[in-house]
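Data block below; observations after.
The values are calculated or read from the model by the stated rules, or taken from the named source; none is laboratory data. Nothing here was measured: the structure is a model prediction, and the numbers come from that model. Please note: Cβ atoms are built from the backbone with ideal geometry, for glycine as well, and neighbour counts cover all protein chains shown. What goes into the accessible areas is simple: the full protein's heavy atoms, side chains included, and nothing from ligands, DNA or RNA. Shrake-Rupley method; radii C 1.70, N 1.55, O 1.52, S 1.80 Å.
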Amino acid sequence: AQSVTQLGSHVSVSEGALVLLRCNYSSSVPPYLFWYVQYPNQGLQLLLKYTSAATLVKGINGFEAEFKKSETSFHLTKPSAHMSDAAEYFCAVSEEGGFKTIFGAGTRLFVKA
Amino acid sequence: SAVISQKPSRDICQRGTSLTIQCQVDSQVTMMFWYRQQPGQSLTLIATANQGSEATYESGFVIDKFPISRPNLTFSTLTVSNLSPEDSSIYLCSVVGQVNQETQYFGPGTRLLVL
């Protein structure tokens with residue numbers, strides 16, 4: 001069975017600092033992995049996805065994530081945080097592409113001036 | 001990616017009533033899903049909306065409480081019946097495209113408050 005664990009329900013960084021949001025997954029088959037962002041009072045927007053091509057995936061807004069099979073991880077990073085990055089971030093896994101996607105509990109990112 | 005709209009964007013309802021949420025996509029899609037996001041929590045899949053047939057419900061969700069229709073490849077409705085305060089949530093429609101079936105795209109959500 002597939003599952004997702006996001007470490008840290010809240011992460012706070014200073015503007016300009018590195019952003020690191022952690023995600024570990026469990027899957028019985030090579031997974032599809034996703035990061036979504038949810039801004040206040042909005043729906044979910046796809047940041048990036050891993051679909052068994054390059055292990056380092058670049059997404060929108062300067063975010064990237066690295067798939068590490070040995071660690072079953074798919075951590076999200078951004079070199080320099082911006083105030084506009086403050087949002088809720090969800091890691092998700094699917095064994096069937098876009099179907100039956102399982103979401104993590106979410107990590108709320110706070111960016112301090 | 002598909003453009004997804006939902007109506008209403010938010011509503012306040014009395015307990016015991018029902019609310020029907022509409023999801024409209026600007027292109028034909030393979031799959032449509034309905035999710036619930038309870039306050040401060042992650043997304044939980046309610047059901048897969050099947051075109052022309054009964055929806056497929058996840059464990060813990062039943063058709064009597066969450067009837068779903070999908071008359072064509074671009075439209076679906078979710079009704080939340082016999083509302084109670086515990087139904088206060090964000091309800092999100094999502095789709096998988098016919099061409100790119102690797103990714104789900106989400107609508108803006110419907111925020112429901114039950115008094």
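I'd like the full set of residues that are crowded, with 21+ Cβ neighbours inside 10 Å and over 17 Å from A:Gln38 (Cβ atoms), limited to the stretch A:68-80.
Passing the criteria: only A:Phe74.
Tell me, yes or no, whether the stretch B:73-81 has at least one residue that is open to solvent by 30 Å² or more (accessible area, probe 1.4 Å) and more than 15 Å from the chain's Cα centre (by Cα).
no
For the stretch B:17-32, does any single residue satisfy the condition of being aliphatic (A, V, I, L, M), more than 29 Å from A:Cys91 (Cβ to Cβ) and either open to solvent by less than 10 Å² (accessible area, probe 1.4 Å) or in contact (Cβ under 8 Å) with a residue 24 or more places away in the chain (or both)? First the steps, then the outcome.
Here is the first cut: in the stretch B:17-32, the ones aliphatic (A, V, I, L, M) are B:19, B:21, B:25, B:29, B:31-32.
Okay, now just the ones that are also more than 29 Å from A:Cys91 (Cβ to Cβ), so B:19.
Narrowing the set further to residues that are either open to solvent by less than 10 Å² (accessible area, probe 1.4 Å) or in contact (Cβ under 8 Å) with a residue 24 or more places away in the chain (or both) leaves B:19.
Checked the stretch B:17-32: at least one residue is aliphatic (A, V, I, L, M), more than 29 Å from A:Cys91 (Cβ to Cβ) and either open to solvent by less than 10 Å² (accessible area, probe 1.4 Å) or in contact (Cβ under 8 Å) with a residue 24 or more places away in the chain (or both).
Return yes or no: is A:Phe34 at pLDDT 90 or above, within 14 Å of another protein chain (Cβ to nearest Cβ), out of contact with any His (no Cβ under 9 Å at 6 or more places or on another chain) and surrounded by 12 or more Cβ atoms within 10 Å (Cβ to Cβ)? Explain how you work it out, then say what you get.
Details: at pLDDT 90 or above: yes; within 14 Å of another protein chain (Cβ to nearest Cβ): yes; out of contact with any His (no Cβ under 9 Å at 6 or more places or on another chain): yes; surrounded by 12 or more Cβ atoms within 10 Å (Cβ to Cβ): yes.
Yes: the conditions hold for A:Phe34.
Tally up the residues in the stretch B:15-36 that are within 12 Å of chain A (Cβ to nearest Cβ) and closer than 12 Å to B:Cys93 by Cβ, please. Can you show your working first?
Within the stretch B:15-36, the subset within 12 Å of chain A (Cβ to nearest Cβ) is B:23, B:29-33, B:35-36.
With the extra rule that they be closer than 12 Å to B:Cys93 by Cβ, the set shrinks to B:23, B:29, B:31-33, B:35-36.
Of the residues in that region, 7 qualify.
Go through (1) surrounded by 15 or more Cβ atoms within 10 Å (Cβ to Cβ); (2) more than 12 Å from chain A (Cβ to nearest Cβ) one by one and return the number of the condition B:Thr44 breaks.
(2)
So, in the stretch B:53-97, exactly how many residues are within 11 Å of chain A (Cβ to nearest Cβ) and either part of a loop (DSSP other than H, G, I, E, B) or of a type in the set (D, E, K, R) (or both)?
Result for the stretch B:53-97: 1.
State all residues of the stretch B:98-113 that are among the polar types (S, T, N, Q), facing chain A (nearest Cβ under 9 Å) and open to solvent by 10 Å² or more (accessible area, probe 1.4 Å); if no residue qualifies, say none.
Selection gives B:Asn100, B:Gln101.
Which condition breaks for A:Leu76 when tested against (1) modelled with pLDDT of 95 or more; (2) in contact with a helix residue (DSSP H, G or I) (Cβ under 9 Å, 6 or more places away or on another chain)?
Of (1) modelled with pLDDT of 95 or more; (2) in contact with a helix residue (DSSP H, G or I) (Cβ under 9 Å, 6 or more places away or on another chain), only one is false for A:Leu76: (2).
In the list A:Phe63, A:Phe110, A:Phe99, which residue meets the criterion of being at negative phi and within 14 Å of chain B (Cβ to nearest Cβ)?
Among A:Phe63, A:Phe110, A:Phe99, only A:Phe99 is at negative phi and within 14 Å of chain B (Cβ to nearest Cβ).
Please specify each residue of the stretch A:4-43 satisfying the condition of being of a type in the set (Gly, Ala, Ser), part of a strand (DSSP E or B) and touching a Phe, Trp or Tyr at 6+ places or on another chain (Cβ under 7 Å).
Passing the criteria: only A:Ser12.
Report, by residue number, each residue of the stretch A:47-81 that is over 21 Å from A:Lys112 (Cβ atoms) and in a loop (DSSP other than H, G, I, E, B).
Within the stretch A:47-81, A:Thr51, A:Ser52, A:Ala53, A:Ala54, A:Thr55, A:Gly59, A:Thr72 qualify.
Can you pull out every residue in the stretch A:82-104 that is out of contact with any Pro (no Cβ under 9 Å at 6 or more places or on another chain), open to solvent by 10 Å² or more (accessible area, probe 1.4 Å), under 21 Å from B:Thr103 (Cβ atoms) and assigned to a loop (DSSP other than H, G, I, E, B)?
Start the filter on the stretch A:82-104 by keeping residues that are out of contact with any Pro (no Cβ under 9 Å at 6 or more places or on another chain), which leaves A:82-85, A:89-92, A:96-104.
Checking the rest, the ones that are also open to solvent by 10 Å² or more (accessible area, probe 1.4 Å) come to A:82-84, A:96, A:99-100, A:102-103.
From the residues that got through so far, the ones that are under 21 Å from B:Thr103 (Cβ atoms) too are A:96, A:99-100, A:102-103.
Once the filter is applied, which keeps residues that are out of contact with any Pro (no Cβ under 9 Å at 6 or more places or on another chain), open to solvent by 10 Å² or more (accessible area, probe 1.4 Å), under 21 Å from B:Thr103 (Cβ atoms) and assigned to a loop (DSSP other than H, G, I, E, B), the stretch A:82-104 yields only A:Lys100.
Restricting to the stretch B:1-52, name every residue that is of a type in the set (S, T, N, Q) and in a strand (DSSP E or B). Walk me through how you get there before you give the answer.
Initially, the stretch B:1-52 is screened for residues of a type in the set (S, T, N, Q), giving B:1, B:5-6, B:9, B:14, B:17-18, B:20, B:22, B:24, B:27-28, B:30, B:37-38, B:41-42, B:44, B:48, B:50-51.
Those that are of a type in the set (S, T, N, Q) and in a strand (DSSP E or B): B:Ser5, B:Gln6, B:Thr20, B:Gln22, B:Gln24, B:Thr30, B:Gln37, B:Thr44, B:Thr48.
Only one of (1) away from chain B (no Cβ under 11 Å); (2) among the aliphatic types (A, V, I, L, M); (3) under 12 Å from the mean Cα position of the chain (by Cα) is not met by A:Ala86, so which one is it?
(3)
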